[in-house]
1. With θ set to phi - 60° and the Karplus curve 6.51 cos²θ - 1.76 cosθ + 1.60, what are the ³J(HN,Hα) couplings of the range B:42-53 in order, to the nearest whole Hz, using x for Gly and Pro?
2. So, counting K/R as plus one and D/E as minus one, what does the shell of residues with Cβ under 12 Å around B:ALA34 add up to?
3. List the distances, in nm and shortest first, from the label point of A:VAL21 to the matching label points in every other copy, placing each point 7 Å from Cα along the Cα-to-Cβ direction.
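None of the figures in this text is laboratory data; all of them are computed from the coordinates on show. Every value quoted in this text rests on a predicted model; they were computed, and no experiment measured them. In this analysis, Cβ positions are derived from the backbone assuming ideal geometry, glycine residues included, and neighbour counts consider all displayed protein chains.
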Number of protein chains: 2
Amino acid sequence: MAAEAKGGSLAQRIDHLFKSVQPHGREYSYDEVARGCEALTVGTFSKTYVWQLRTGQRDNPTKRHLEALAAFFGVPVAYFFSDEVLDSVNSQLALAAALRDADVREIALRALRMDDATRRSVARIVTEISEMQHGKAPDDGKA
Amino acid sequence: MAAEAKGGSLAQRIDHLFKSVQPHGREYSYDEVARGCEALTVGTFSKTYVWQLRTGQRDNPTKRHLEALAAFFGVPVAYFFSDEVLDSVNSQLALAAALRDADVREIALRALRMDDATRRSVARIVTEISEMQHGKAPDDGKA
DNA sequence: CGATTCCGTCCACACCAGTTGACGACTGCC
DNA sequence: GGCAGTCGTCAACTGGTGTGGACGGAATCG
């Protein structure tokens, strides 16, 4: 499934849609796609622009056009976006990294529901345990 | 099908990001978001446009700007399109927002540094304590 | 064969996405 | 007090996204 949504330009992904989605046994024409998109959404869509997008002459369509194309070809809009950028950004956030750890997430969610006094007590306990393992744990290191 | 219009408009979703993602304890300013977006991607991003998007004065940004916003706030681009992604991301954002609570944040950061076995033990302890207070509390995810 | 139609391609332009720059309000600093 | 910085907001402009329309080629039909 993820074979298609991986590392390609917008033009390559659209080209792939043309080649993959052929309910009539042949590729859609640019005009068919344009008219189909117009039928599925409110705005306009010209065949010229469909051609420009597929051939890479334009690569920065608006939200409305992306939604129309995705609706016409029957794919989620996320199909047009790269996951690489997301991952690189996520990796720089310690918080996001922590949220991916099932145990840490569990701990944080439980701690959320405690009243202040209890939570503070738990915080002390957890700190003690953590320092037992690292001996003077170096805090989180940022201001 | 319903790709939008349930959880809210684009403006509402962006507004929610502002309110949820506050690593410094306060909402990002429009200028901070704009500069951050510029730093994470190629191209420009003006604070005025961020403001226009959040307030709903503009609602049809281009692919590049959607990618930049998603990268800055650490959410998948699909967040702006899909309701399913909206829900799953929102629950994570609720947790992230909660981590502004000094004690919860402290607990989570300490737990991060433990080895797997210890962390699992602590998770059990914290769960027990939490349930002592609420009696079988579900994880829930209120904002 | 000519007439019609649909195709992809290209160009010139319109309009709206996005920026610039300035304004008033607010805040800390000297 | 006055100055310097930052904030959100607004109006006017720029530029690129997106369109309309024309051209040549390739079918299909008479």
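1. Going residue by residue, I get 8, x, 9, 7, 9, 4, 4, 5, 4, 5, 4, 5 Hz, with x marking Gly and Pro.
2. On the way: positive: B:ARG35, B:LYS47, B:ARG54; negative: B:ASP31, B:GLU32, B:GLU38.
Net charge in that neighbourhood comes out at 0.
3. Relative to the other copies, A:VAL21 has label-point distances of 2.9 nm.
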